[in-house]
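The values are calculated or read from the model by the stated rules, or taken from the named source; none is laboratory data. No experiment lies behind these values; they were computed from the predicted model shown. Cβ sites come from the backbone with ideal geometry, for glycine too, and all protein chains shown count toward neighbours.
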Amino acid sequence: MKLMIKIFFAFVTILAISFYFLREPLLRSTAAPAALEKVAALPDEVSESSGIEVLPNGSGYLTHNDAGNKPYLYQLDKSGKLTKTIKLGLPNVDWEDLARDDKGNIYIADTGNNKNKRKELAIYKVNPKDYTKAEAIRFSYEDQKDFPPAKQDMNFDCEAIFWHGGNLYLISKDRGQKQTAKIYRVTAKAGKQQAKLIGSHKIPAAITGAAISPSGKEVVLISKEKLHIFQQVKNPEKFYDGKYKEVSLRGAGQTEAVAFETDKMLVITSEGGNLYKYTL
């Protein structure tokens, strides 16, 4: 009997040790330490930064406020100092993100849709050389039939876009089940169109921003205090097939927006009013 008890305790001890060593790599892969550098507090005018993009010449950044604020873009230098306020003659129903194309045009995503009731959304295209001229890309989602849909189907909010190869890619914020990011595509041309559903990915987080690297080989999504990094991307339309890594931004608060400054450097803003950099 004593022998059986000894064998039992030996077995339990070995099992516990094995579990400890097996679990360590998993913990490291999902909660990597955040190499986050705070650059500055955002200026008072930027009370609720919701999107950010790097200026075409790389001299600084553009950002904007969320819904209910003035339709202004705020130009910052690399230290976070406000250098210019750009007043646009556009509605700000719910501006959520910024993107930039290979010619330097800026896309403003008026795509916030908290209650999933909006039947027509818009992305505005402006050029930093002449902000007085703007084009509107107006769209609806091809798979949305009810406005609003049933609560569990409320996945038609979007706070994250990026541009690649003449198209804009929109990543949904799942307000219903909080587990699936849908990916839509619209062409980056003025006029009315339907956003085509091209894929989805299981992410148990509310996505608030997106960016693609200059090389096109990495796509980053951001949510509250987390980066969702997709590496070795072969086709940006299916970036979620890339190697996935989740990184903790613990302590940064409600992180809202992200952009690539270089292939290895991200710039991030938070709702709490801070500008950060993160080195990949």
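Would a scan of the range 231-245 turn up a residue that is closer than 23 Å to ASP77 by Cα, part of a loop (DSSP other than H, G, I, E, B) and either touching a helix residue (DSSP H, G or I) at 6+ places or on another chain (Cβ under 7 Å) or not charged (D, E, K, R) (or both)? If you could, list the steps in order and put the result at the bottom.
Quick first cut of the range 231-245, residues closer than 23 Å to ASP77 by Cα only: none.
Scanning the range 231-245, I find no residue that is closer than 23 Å to ASP77 by Cα, part of a loop (DSSP other than H, G, I, E, B) and either touching a helix residue (DSSP H, G or I) at 6+ places or on another chain (Cβ under 7 Å) or not charged (D, E, K, R) (or both), so the answer is no.
Test TYR276 against the criterion of being under 15 Å from the mean Cα position of the chain (by Cα) and within 28 Å of SER59 (Cβ to Cβ), and give yes or no. I'd like the intermediate steps shown before the answer.
Values: under 15 Å from the mean Cα position of the chain (by Cα): yes; within 28 Å of SER59 (Cβ to Cβ): yes.
It is true that TYR276 is under 15 Å from the mean Cα position of the chain (by Cα) and within 28 Å of SER59 (Cβ to Cβ).
Between a first residue in the range 84-98 that is among the basic types (Lys, Arg) and a second residue that is modelled with pLDDT of 95 or more and surrounded by 15 or more Cβ atoms within 10 Å (Cβ to Cβ), which pairs have beta carbons less than 7 Å apart while being 6 or more apart in sequence or on different chains?
Final answer for the pair search is LYS84/GLN75; LYS87/TYR72.
Considering only the range 126-213, give the strands (runs of 3 or more DSSP E) lying wholly within it that have at least 2 residues that are free of Cβ contacts under 8 Å to residues at least 40 places away in the same chain and out of contact with any Gly (no Cβ under 8 Å at 6 or more places or on another chain).
Details: elements: 130-141, 157-164, 167-173, 180-187, 191-202, 209-212.
Of the strands (runs of 3 or more DSSP E) lying wholly inside the range 126-213, those with at least 2 residues that are free of Cβ contacts under 8 Å to residues at least 40 places away in the same chain and out of contact with any Gly (no Cβ under 8 Å at 6 or more places or on another chain) span 130-141, 167-173, 191-202.
Using beta carbons and a limit of 8 Å, which pairs, at least six apart or on different chains, have the first residue in the range 33-56 and free of Cβ contacts under 8 Å to residues at least 12 places away in the same chain and assigned by TED's automatic domain parsing to the domain that holds ILE86 and the second one in a loop (DSSP other than H, G, I, E, B) and surrounded by 14 or more Cβ atoms within 10 Å (Cβ to Cβ)?
none
Whether any residue in the range 222-230 is surrounded by fewer than 22 Cβ atoms within 10 Å (Cβ to Cβ), among the polar types (S, T, N, Q) and in the same structural domain as GLY176 (by TED's automatic domain parsing) is what I want to check.
Scanning the range 222-230, I find no residue that is surrounded by fewer than 22 Cβ atoms within 10 Å (Cβ to Cβ), among the polar types (S, T, N, Q) and in the same structural domain as GLY176 (by TED's automatic domain parsing), so the answer is no.
Out of the residues in the range 199-219 that are loosely packed, with under 15 Cβ neighbours inside 10 Å and touching an Asp or Glu at 6+ places or on another chain (Cβ under 6 Å), which is farthest from ALA134 (Cα to Cα)?
SER215
Out of everything in the range 128-186 that is within 21 Å of the chain's Cα centre (by Cα) and hydroxyl-bearing (Ser, Thr, Tyr), what residue ends up being surrounded by the fewest Cβ atoms within 10 Å (Cβ to Cβ)?
Checking each candidate, the answer is THR180.
Taking the residues in the range 148-196 that are in contact with a Pro (Cβ under 9 Å, 6 or more places away or on another chain) and among the hydrophobic types (A, V, I, L, M, F, W, C) as candidates, determine which candidate is farthest from GLU218 (Cα to Cα).
MET154
For every residue, the table says whether it meets (1) of a type outside the set (S, T, N, Q); (2) at pLDDT 95 or above; (3) touching a Leu at 6+ places or on another chain (Cβ under 6 Å); (4) under 20 Å from TYR276 (Cβ atoms).
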residue	(1), (2), (3), (4)
ILE17	yes, no, no, no
GLU24	yes, no, no, no
GLY51	yes, yes, yes, yes
VAL54	yes, yes, no, yes
LEU62	yes, yes, yes, yes
THR83	no, yes, no, yes
ASP102	yes, yes, no, no
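When the residues of the range 211-227 are narrowed to those that are of a type outside the set (Val, Ile, Thr) and in contact with a His (Cβ under 9 Å, 6 or more places away or on another chain), which ends up farthest from GLU53 (Cα to Cα)? Please lay out each step first, then the result.
Residues of the range 211-227 that are of a type outside the set (Val, Ile, Thr), as a first pass: 211, 213-218, 221, 223-227.
Within this subset, residues satisfying the condition of being in contact with a His (Cβ under 9 Å, 6 or more places away or on another chain) are 216, 221.
On the way: GLY216: 16, LEU221: 14 Å.
Of everything passing the filter in the range 211-227, GLY216 is farthest from GLU53 (Cα to Cα).
Just the residues that are acidic (Asp, Glu) and crowded, with 24+ Cβ neighbours inside 10 Å, please, taken from the range 252-271. Spell out the reasoning first.
First, pick out the residues of the range 252-271 that are acidic (Asp, Glu): 256, 261, 263, 271.
Selection gives GLU256 alone.
Pick out the one residue from ALA109, ALA150 that is assigned by TED's automatic domain parsing to the domain that holds LYS217, at pLDDT 95 or above and closer than 20 Å to SER50 by Cα.
Values: ALA150 fails: closer than 20 Å to SER50 by Cα.
Criteria check complete, one pass: ALA109.
Return yes when ASP241 is touching a Pro at 6+ places or on another chain (Cβ under 6 Å) and at pLDDT 95 or above and no when it is not.
Numbers: touching a Pro at 6+ places or on another chain (Cβ under 6 Å): no; at pLDDT 95 or above: yes.
When the stated conditions are applied, ASP241 does not pass them.
What do you reckon, is SER248 in the same structural domain as ASP102 (by TED's automatic domain parsing) and surrounded by 20 or more Cβ atoms within 10 Å (Cβ to Cβ)? Even if it seems obvious, please write down each step before you answer.
On the way: in the same structural domain as ASP102 (by TED's automatic domain parsing): yes; surrounded by 20 or more Cβ atoms within 10 Å (Cβ to Cβ): no.
The answer is no for SER248.
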